[in-house]
Amino acid sequence: MQGIKRRIVYVSSYEIIGMVISSVGLAILAGDSVEHTGPLSVMITTIAVTWNFIYNILYEKWEARQSSHIRTVKRRVGHAIGFQLTLVLFLIPLISWWMDISLIAAFWLDVAFIIIIPIYTFIFNWSFDKLFGLPISAQAKALSE
């Protein structure tokens, strides 16, 4: 599977599975029901996707003004940390309000997701590529190595 179809299937399945994991994970960690944490997971996903879109636009505008446009490891790490830290500013008050818990408790729930989501992303990407095959860009690189 290639092109736009691959992207649509990827994003849709990634987010749907991610929301299920988030709902169940929040329910377990908070000792609550999935009926209560499910809508929160939808809100978290919506905020994360929207903020990711806006953050990347702002980041690329900043990047365009820099003397070097090379995406070094340092720049990529800064990008990732900046995104996560700013996302936390949106999510902690939401989690606190929705779950009726303190900001500190909401912070710790969010930390759990900061740890879990990269692991989920790695496993999902690997599984997706095994199931649907590599994108053409990765196939060409793999064949040339």
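Any read-out appearing in this document is the output of simple, stated calculations on the displayed coordinates, not a laboratory observation. Just so you know, these numbers come straight off a predicted model, no measurement behind them. We place every Cβ from the backbone using ideal geometry, glycine too, and count neighbours over all the protein chains shown.
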| Can you give me the relative contact order of the chain as a percent, contacts being Cα pairs under 8 Å and 6 or more apart? | 25 percent
| request: For the range 60-122, state which trypsin sites (Lys or Arg not before Pro) are in a DSSP loop and have at most 12 other beta carbons lying within 10 Å of their beta carbon. | output: Arg65, Arg71
| field | Rough spin-label spacing in nm, given labels placed 7 Å along Cα→Cβ, for Leu103 and Thr72 | value | 3.5 nm
| field | Whole-Å distance, taken between Cα centres, linking the range 1-18 and the range 73-119 | value | 24 Å
| message | What does the net charge come to around Tyr59 if you take all other residues with beta carbon closer than 12 Å to its beta carbon, with K and R at +1 and D and E at -1? | response | +3
| query | Which residues in the range 73-95 place their backbone N less than 19 Å from a point set 7 Å from the Cα of Met43 along the Cα-to-Cβ direction? | reply | 86-95
| Under 23 Å between alpha carbons - lysine pairs in the chain that sit 8 or more apart or on different chains | 4
